[in-house]
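Enquirer: A single structure is presented below for examination.
The values are calculated or read from the model by the stated rules, or taken from the named source; none is laboratory data. Fair warning: this is a prediction, and the values are worked out from it, not measured in the lab. Here the Cβ positions follow ideal geometry from the backbone for every residue, glycine too, while neighbour counts run over all protein chains shown. Just the protein is used for accessible areas: all its heavy atoms, side chains included, with ligands, DNA and RNA removed. Shrake-Rupley method; radii C 1.70, N 1.55, O 1.52, S 1.80 Å.
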Amino acid sequence: MKRLKRKKQNGGVVVNGNGSFTREPGCGRKQKLAEIHQALISDPVDIETLRRAAVSKGGLLTDELRRKVWPKLLNINVYELPHKPGRDVRENHKDYNQVVLDVRRSMKRFPKGMPATERAVLQEQLIDIILEVLKRNTQLHYYQGYHDVAVTLLLVVGERMAIALLDTLSNYHLRDFMDPTMDSTKHILNYLMPILEQVDLELHDFMIRAEVGTIFALSWLITWYGHVLSEFKHTLRLYDFFLASHPLMPIYLAATIVLHREKEVKQTECDMAMVHHLLSRIPQDLPYELLIGQAQDLFEKYPPSLLAKRAALQSRKSRSISTFQAFQLSTLHQRPDSVLQRLTKAQGSTTSRHGLEAALPGDRGQLWRRGNRMVKMAVWGLSATLGAAVFAVAQTAMDWGPEALLQLF
């Protein structure tokens, strides 16, 4: 096995032009907080510093910072957020029944001990959010696992900002999963084995003989690991990483997880069912910071362009990959929120009162007035074990039950 030469895990990284990062000597928590604050008030916003912070050890540290940084990473103006969905969003929507079904059976994603009445309010909001994004983007197709991305966003940023974030992610990072068939999703999964082949040929060959394929990593990829991790803090750490990285980074992380479990895999009987059973149940005690660093190393050493050439993956064009560079460039000229607020007021926009203040959680005790106030309670309280996802792999995504909604405001 080719062991990755791990650089010392430090707190700082350098953003490279291809969407990867190189780690630098680290800084303490206070210095990191100061750097993030300075990046947010710079004009234009220092997006590269924000990306470094999101990728480096510890990620964005707090949900308060995530509510400020995540929109910048996705080029979202928090003073021009979409309004709350109206009741008409549910009318004649082709996915309504399936979305409702999936929300009702997704209670494990809610904080343990949350009162049923509060959860019911959040479930209704989640239904509306998912349907609103789909209504805005008729070219997108709902898939099972979409709600796991949505709920993670809502647990942190609230209903209106979650709509904006989910809309952007659906058109870029998650775009390949939202085709009418699974072809594009399979294409992304097909990057996994070539990575393993480059790093550990023996492990790669073992998995080929076992005919295990890559379906074990499907739920990891399409939910950004939200469905398979029991600790919400680990999910948030990965979302920091993915939001600041190339759309294929989740598959590189999948490769590092398989490599991390190399001995377990090789000691398992070389049988498809046995190996799939092992790999599909992701350990809950993984060294996430180490794996994030290793995933970055793999991305730098074996970029998608190299893998595509070696594995004939270039035969299918990925929308997520092809639009990533332009998307990254679009984030480089954002104004700080203080300037955006002044501009909004100067224009006399009626949306200013619905801006950042209306979108962020305030007093957590006023759920009914501002649902976002449940966010911190939800994040702190989310300790319920999330069982490994059991996804029925059909021939097309239309065969999936869209386990979609579960968001909080």
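Enquirer: Report yes if ASN97 is assigned to a helix (DSSP H, G or I), open to solvent by 10 Å² or more (accessible area, probe 1.4 Å) and farther than 20 Å from SER219 by Cα, otherwise no.
Expert: Against the criterion (assigned to a helix (DSSP H, G or I), open to solvent by 10 Å² or more (accessible area, probe 1.4 Å) and farther than 20 Å from SER219 by Cα), ASN97 qualifies.
Enquirer: I would also like to ask the following. Look through the range 119-135, keep the residues that are open to solvent by 20 Å² or more (accessible area, probe 1.4 Å) and closer than 12 Å to ALA162 by Cα, and return whichever of them is modelled with the lowest pLDDT.
Expert: GLN125
Enquirer: Suppose we filter THR152, THR138, THR168 for residues that are surrounded by fewer than 23 Cβ atoms within 10 Å (Cβ to Cβ) and either under 23 Å from VAL228 (Cα atoms) or at pLDDT 95 or above (or both); which single one remains?
Expert: Answer to the check: THR168.
Enquirer: All but one of (1) more than 29 Å from SER184 (Cα to Cα); (2) at pLDDT 90 or above hold for ALA116; which doesn't?
Expert: Going through (1) more than 29 Å from SER184 (Cα to Cα); (2) at pLDDT 90 or above one by one, ALA116 breaks only (2).
Enquirer: Quick one: which helices (runs of 4 or more DSSP H) sit completely within the range 243-291 and have at least 3 residues that are buried (at least 22 other Cβ atoms within 10 Å of the Cβ)?
Expert: 249-260
Enquirer: Of the conditions (1) under 30 Å from VAL45 (Cβ atoms); (2) surrounded by fewer than 15 Cβ atoms within 10 Å (Cβ to Cβ); (3) touching a helix residue (DSSP H, G or I) at 6+ places or on another chain (Cβ under 7 Å); (4) of a type in the set (A, V, I, L, M, F, W, C), ALA326 clears all except one; give me its number.
Expert: ALA326 satisfies all of (1) under 30 Å from VAL45 (Cβ atoms); (2) surrounded by fewer than 15 Cβ atoms within 10 Å (Cβ to Cβ); (3) touching a helix residue (DSSP H, G or I) at 6+ places or on another chain (Cβ under 7 Å); (4) of a type in the set (A, V, I, L, M, F, W, C) except (3).
Enquirer: When you go through TYR252, TYR288, TYR239 one by one, which is the residue that is touching a Ser or Thr at 6+ places or on another chain (Cβ under 7 Å) and closer than 27 Å to LEU165 by Cα?
Expert: Step by step, each of TYR252, TYR288, TYR239 is checked, and only TYR239 is touching a Ser or Thr at 6+ places or on another chain (Cβ under 7 Å) and closer than 27 Å to LEU165 by Cα.
Enquirer: So which residues in the range 182-214 are at positive phi and among the small types (Gly, Ala, Ser)?
Expert: Selection gives GLY213 alone.
Enquirer: Taking the range 118-142 only, how many residues are part of a helix (DSSP H, G or I) and polar (S, T, N, Q)?
Expert: 2
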